[in-house]
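Peer 1: Pasting a structure below so you can have a look.
None of the figures in this text is laboratory data; all of them are computed from the coordinates on show. From a predicted model like this one, the values you see are computed outputs, not experimental measurements. Ideal geometry is used to build each Cβ from the backbone, glycine not excepted, and the neighbour counts take in all protein chains shown.
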């Protein structure tokens, strides 16, 4: 039995090497790593703030004098109007524009590219400090910020990238490989040997898990990301890899050709990836996302990577992933036995 | 009897396929299965190859039931119309992979390469081979485990004259080695020169079972393409 599984496993990995799949799963972590290198980091120094003031606007004298006094941290650019300000912001020549507030003439509106950015935060912090200095207030109500997820943005987004890779292997690569074997009658050729259907399925699931581990390991090596609880992390990746590999193989059995498997893969990939990955930013998605197996993988992943959590504290998620994997494995077995969509 | 088929049936959407069909085959026979497209020839062979599961009926080779797949596949080798090999890999890799799965020693791979004149191509990738050569590799693979029965689905389809002659020679060699062979065909000259017995299928039913002499003298042959 083991001999057959190993022979099929090595054959699957050799196929992954020959049809360049292996390069794809190495390229994606590499691309992620390069992108992260250019991502703003929490501890990055924003340096000088480049702020635009509109020439026709009448700003309060204490604002102008405070800004001029802080010339080391704030660079002022005088602009003709708001339209020019919008253009300069988009061109990243200035970080924001101070406009008169339409509802309250004594206060200002800050026009920026994005509300949730380090630059916006830096502008608000700087102007808040200037205001307090001008008004003679010395102490902040909030003296410091502590985050639930420590580390820079590279590490904070790591669970999302891992989820993306695991789902990509499960929903895009494996269904196409299974459908290709069906389309070219290679699976039927293998079934003309004394191997059992279960052996072929086990080899395919292990192939998915091996590809998952390679991609995850490569991403960690590139980014030099350490893991506190390595054993728990390996267990979670193994269970997640099993779940989504079995799921992907099942999707492959629902298709007659590679082309349809790719389409079906994308149809399943995005609804699994987006609600889970975006659940951190949306309360509504946090309500919906737990129904997806991907969320039950993503949440423990965040806990282990960002909070040094242990798998012992997440039995529900592990059992859930294992059951989804086992159920889809069983469905694939039934379809294989019935020669589903095979000629 | 080496092959016993009783009421073997497969229907697609209650229309095409194979109606309940029964026949027996003695060891060493070389049988041509003849009929129009959609007559059920390929369905019959694919059921015996475990590619298609029958709706009902029974098929046995040397007393082993079709449904006991892992034992049955050791008794039968199938060569489909379109070669189904791992294109990315070499001839040798393909044969060795299946040798491992059949638990056949690699020595047998060398024998097959020699028997089928594939030694010069052993390191060639399948995707670089002609259809005739691919078909030869496919036949070699089907013979790796030395099964007593071989099934060929339209073996000369898409082959040129030289390759077709080469395939006839191979079929005769394999037959002379004592194998039982069933093949589907549309070509009267192929049937005449190779077969020791002919089965004619029409609209899923077996309408003729006899020798080539009986077949070519019968109205079935004359009317086959007028049926």
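Peer 1: I'd like the mean, over residues of B:98-105, of how many other protein chain beta carbons sit within 10 Å of each residue's own Cβ.
Peer 2: 5
Peer 1: Hey, any idea what the orientation-averaged projected area of the convex hull of the stretch A:154-342's Cα atoms comes to, in nm²?
Peer 2: Its average projected convex-hull area is 10.7 nm².
Peer 1: When the C-alpha atoms of the stretch A:89-176 are aligned to their principal axes, what extent does each axis show, in angstrom, from largest down?
Peer 2: Projected onto its principal axes, the Cα set of the stretch A:89-176 covers 64, 31, 25 Å.
Peer 1: Enter the angle in degrees (range 0 to 90, nearest 10) between the Cα long axis of helix A:174-183 and the first principal axis of the Cα atoms of chain A, meaning the one along which they spread out most.
Peer 2: With both axes taken from Cα atoms, the answer is about 40 degrees.
Peer 1: Could you work out the Rg to Rh ratio of the stretch B:87-146, with Rh taken as the Kirkwood radius (inverse of the mean 1/r over all Cα pairs)?
Peer 2: Rg/Rh: 0.92.
Peer 1: Other chains' Cβ within 10 Å of B:40-51 residues: what's the mean?
Peer 2: Counting Cβ atoms of other protein chains within 10 Å of each residue's Cβ and averaging gives 2.
Peer 1: Could you work out the helix-only [θ] at 222 nm for chain A, with each DSSP H run of four or more residues adding -39,500 (n - 2.57) and the total divided by the number of residues, to the nearest 500 deg cm²/dmol?
Peer 2: Calculated from helices alone, the mean residue ellipticity at 222 nm is -20500 deg cm²/dmol.
Peer 1: Here's a follow-up. Before anything else, pin down the relative contact order of chain B: Cα pairs under 8 Å, at least 6 apart, normalised by residue count, whole percent.
Peer 2: Value for chain B: 28 percent.
Peer 1: Calculate how steeply helix B:161-176 sits against the longest principal axis of the alpha-carbon atoms of chain B, using the helix alpha-carbon long axis, and give the answer as 0 to 90 degrees to the nearest 10.
Peer 2: 80
Peer 1: Using Cα-Cα distances under 8 Å and only pairs 6 or more residues apart, what relative contact order does chain A have, in percent?
Peer 2: Dividing the mean separation by the residue count of chain A yields 21 percent.
Peer 1: What would the Debye formula give as log10 I(q)/I(0) at q = 0.19, 0.21, 0.24 Å⁻¹ for the alpha-carbon point model of the stretch A:269-324, no solvent?
Peer 2: -0.65, -0.78, -0.96
Peer 1: Which of A:2, B:1 has the fewest other C-beta atoms within 10 Å, and how do the rest follow up to the most?
Peer 2: Placing the least packed residue first, the sequence is A:2, B:1.
Peer 1: Calculate how many DSSP beta bridges within chain B are antiparallel, expressed in % of all such bridges and rounded to the nearest 5. Don't skip to the answer; put the middle values down first.
Peer 2: Details: 20 of 37 bridges.
The answer is about 55 percent antiparallel.
Peer 1: Oh, and also: With a 10 Å radius around each residue's Cβ, average the other Cβ atoms per peptide and rank B:183-196, A:47-60, highest first.
Peer 2: Going from most to least packed, we get B:183-196, A:47-60.
Peer 1: On a 0 to 90 degree scale, rounded to 10, what angle separates helix B:106-115 from the longest Cα axis of chain B?
Peer 2: On a 0 to 90 degree scale, this one is about 70.
Peer 1: I need to check one value: relative contact order of the stretch A:185-269, counting alpha carbon pairs closer than 8 Å and at least 6 residues apart, in percent.
Peer 2: 30
Peer 1: Only bridges whose two residues both fall in the protein assembly as shown count here: according to DSSP, what percent of them are antiparallel, nearest 5?
Peer 2: 50
Peer 1: May I pose another question? Do me a favour and compute the ellipsoid semi-axes for the protein assembly as shown from its Cα gyration tensor, root of five times each eigenvalue, largest one first, whole Å.
Peer 2: The answer is 70, 23, 21 Å, longest axis first.
Peer 1: Normalised by the empirical 2.2 N^0.38 Å for globular proteins, what value does the Cα Rg of the stretch B:1-97 take?
Peer 2: 1.19
Peer 1: Counting partner chain Cβ atoms within 10 Å of every residue's Cβ in A:182-192, what's the average? Mind showing how you got there, number by number?
Peer 2: Values: counts 0, 0, 6, 6, 4, 1, 8, 15, 5, 6, 19.
Per residue, the average neighbour count from other chains is 6.
Peer 1: Taking N as the number of residues in the stretch A:44-148, what is its Cα Rg relative to 2.2 N^0.38 Å?
Peer 2: Against the compact-globule rule of thumb, the ratio is 1.09.
Peer 1: Hey, could you get me the Stokes-Einstein D for the stretch B:183-227, Kirkwood radius over alpha-carbon pairs, 4 °C and 1.567 mPa s, rounded to whole µm² s⁻¹?
Peer 2: 121
Peer 1: When every alpha-carbon pair in the stretch B:73-227 is counted, what percent end up more than 28 Å apart?
Peer 2: 25
Peer 1: Can you tell me what percent of all Cα-Cα pairs in the stretch B:140-227 are more than 17 Å apart? If you can, show how the numbers build up before the last one.
Peer 2: Details: 1989 of 3828 pairs.
Here the tail beyond 17 Å accounts for 52 percent of pairs.
Peer 1: Related question: Count the DSSP beta bridges whose two residues both fall in the stretch A:44-148, then state the antiparallel fraction as a percent rounded to the nearest 5.
Peer 2: Around 35 percent of the beta bridges assigned by DSSP in the stretch A:44-148 are antiparallel ones.
Peer 1: Per DSSP H run of n ≥ 4, the term is -39500 (n - 2.57); total these for chain B, divide by its residue number, and report the mean residue ellipticity at 222 nm rounded to 500 deg cm²/dmol.
Peer 2: Value at 222 nm, helices only: -10000 deg cm²/dmol.
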